[in-house]
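Beneath this line is the structure, given in C-alpha cells, with notes to follow.
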Amino acid sequence: MCNMQTRYAVHMETNGPVARTLRLSLSLSLPLAHAEGTFHLCGQTADYAAEFARVLLTERSPPLSIERLKERVDTVCFVINELLENAYKFRAAEQIRLDLELTENSLLCVVRNHIADAQIAALESRLSALLRGNPQELLRQTVEEHVLVGDTTCSGLGLLSILGDHGVPLSWMLEPAGGGRSILAVRADIPIPVAEV
Amino acid sequence: MEIKGGNYRVWYDPNETVVHFEGILRLGGTQEYGPIEELLEKVLAAGLRKITLDLRALKFLNSSGMNMIYKFAISTRKHGDIQLTVIASKSIPWQDKSLPNLKKYNSNFELVLVD
C-alpha cells in the first residue's frame, strides 16, 4: 500500500475500559516532489479513517440506523479525502497529520500540514470569501468561472461541497512554525445525530 | 469509447446514448480528468438530442470529478436544446447530496434517483 517514501504512524487511545472518547492519529510523510501513486494515498487514508469511524459509530449505544450510519460514514470519507487532497496540494513539508476523535455528538477531524508563509494572504482572502458567502451560490459561481478560465490545477470545490452539500462546519487555525512556514490546521466538525433506535 | 483506471471505468454506449461511470474516481485535478472530459466532449460533439450519465455504480467522486460533471452540464447548456439526464442511486449518499446541484447549470437537466 505504501511506497518506500511514505509512512503511516497510527496512534489510538481510549480513556478507559468503557471509552467515551476514542482518538485516531495518522501521520503521512509524502515527498514534496509529486511522485506516482502518492496522491492516491489521500484516498486510501480517507478510506481507512472512514472504516475506523464506521467501527466507532457501530459500537455506539443505542446505534444509528443502518441508513444514517452509511450516510455519516460516506460524509466522513468525503470530508477527510478532500482535506487530505488540499493538504497534499499545498503542503510545504512532507508530513501531513490527521486526527479523528468521536465525542458525544460529533466526529472531529483535524488535518494539519505546513504551508509557506507566502501562501497565507491568498488563503486568508479565500477563506474570508468562503465564510462571508453562501456555499451553494459560491459553488455555482466557481464552476461557471472554471468554464471560462479553462484548465485549473485545483477545482476549489472541495471546501464548498463540505460546507454546502454535506453541511459540515469548518474552521481554520494558523500557527507560525519558523523557516518561512506555518502550520495550517483545518477542523471539520461532523455532526453525529443523537443515537436512533 | 472507454477510459479505464485502477479502480474505475467510464464508457459510452452509443446504442443507448448513455455514458456509464463505475468504481471510485479520485483523480488529481483537471489534468488527470482530461481523458474522461475528452470522452464527454466527443459524446457532446455527436449532436445528440439527449445524453444520459449513469452514475449508479460510481461509489465515490472527489470534488475535482464533480467539477468535471458540473462543467459538462454547462457545456450541454451551451450546445442548445440537449436533454441531460443523470441516473443516480439512492443507496449512495453523496449522489443525493451533490447531484441536484446540476440543475443550477442546466435547466434541461433531470435527476433520476433509483433504488
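The values are calculated or read from the model by the stated rules, or taken from the named source; none is laboratory data. On a predicted model such as this, the values are computed, not experimentally measured, just so you know. Here the Cβ positions follow ideal geometry from the backbone for every residue, glycine too, while neighbour counts run over all protein chains shown.
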### Summary
Taking the stretch B:1-16 and keeping residues assigned to a loop (DSSP other than H, G, I, E, B) and within 16 Å of B:ALA46 (Cβ to Cβ) leaves B:MET1, B:PRO14, B:ASN15, B:GLU16
#### Entry: Tally, over the stretch A:86-118, of residues that are within 15 Å of A:LEU174 (Cβ to Cβ), within 19 Å of the chain's Cα centre (by Cα) and part of a helix (DSSP H, G or I)
3
### Among the residues listed as B:ASP81, B:ASP96, the single one being assigned to a helix (DSSP H, G or I) and of a type in the set (Asp, Glu)
B:ASP96
### Message
Need the failing condition index for A:ALA33 against (1) in contact with a helix residue (DSSP H, G or I) (Cβ under 8 Å, 6 or more places away or on another chain); (2) more than 25 Å from B:MET66 (Cα to Cα), just the number.
### Response
(1)
### Query
Do you know which residues across the stretch B:15-47 are within 14 Å of chain A (Cβ to nearest Cβ), surrounded by 19 or more Cβ atoms within 10 Å (Cβ to Cβ) and farther than 24 Å from A:LEU84 by Cβ?
B:LEU40
### Query
In the stretch B:57-71, is there at least one residue being under 14 Å from the mean Cα position of the chain (by Cα), more than 9 Å from chain A (Cβ to nearest Cβ) and part of a helix (DSSP H, G or I)?
yes
## Note on the structure
Checked B:LEU53, B:LEU84, B:LEU99 against criteria (in contact with a helix residue (DSSP H, G or I) (Cβ under 6 Å, 6 or more places away or on another chain), more than 8 Å from chain A (Cβ to nearest Cβ), modelled with pLDDT of 95 or more and surrounded by 17 or more Cβ atoms within 10 Å (Cβ to Cβ)); the one match is B:LEU84
### Members of the stretch A:81-106 that are of a type in the set (D, E, K, R) and surrounded by 19 or more Cβ atoms within 10 Å (Cβ to Cβ)
A:GLU82, A:GLU85, A:ARG91
## Note on the structure
Residue count, the stretch B:1-50, condition under 23 Å from B:LEU113 (Cβ atoms), of a type outside the set (D, E, K, R) and at pLDDT 95 or above, comes to 14
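Each row is one residue, and each column tells you yes or no for (1) modelled with pLDDT under 95; (2) surrounded by 12 or more Cβ atoms within 10 Å (Cβ to Cβ).
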| site | (1), (2) |
| --- | --- |
| A:ILE115 | no, yes |
| A:LEU131 | yes, yes |
| A:GLU137 | yes, yes |
| A:LEU148 | yes, no |
| A:THR152 | yes, yes |
| A:HIS166 | no, yes |
| A:MET173 | no, yes |
| A:PRO176 | no, no |
| A:ARG181 | no, yes |
### Task
Working only within the stretch A:59-106, note down all residues that are among the acidic types (Asp, Glu) and under 16 Å from A:LEU159 (Cβ atoms).
A:GLU82, A:GLU85
### Selected residue (only one of A:LEU138, A:LEU127, A:LEU131, A:LEU160 is under 16 Å from the mean Cα position of the chain (by Cα), more than 10 Å from chain B (Cβ to nearest Cβ), in a helix (DSSP H, G or I) and more than 23 Å from A:LEU26 (Cβ to Cβ))
A:LEU127
### Query
For residues in the stretch A:26-69 being part of a helix (DSSP H, G or I), more than 19 Å from the chain's Cα centre (by Cα) and without any contact (Cβ under 8 Å) to a residue 12 or more places away in the chain, which is nearest to the other protein chains (Cβ to nearest Cβ)?
A:GLU67
### Query
For A:ARG181, are the conditions met, namely being of a type in the set (Lys, Arg), touching a residue at least 60 places away in the same chain (Cβ under 8 Å) and within 30 Å of A:LEU57 (Cα to Cα)?
no
#### Entry: Matching residues, the stretch B:23-40, being of a type outside the set (Val, Ile, Thr) and under 11 Å from the mean Cα position of the chain (by Cα)
B:GLU37, B:LEU39, B:LEU40
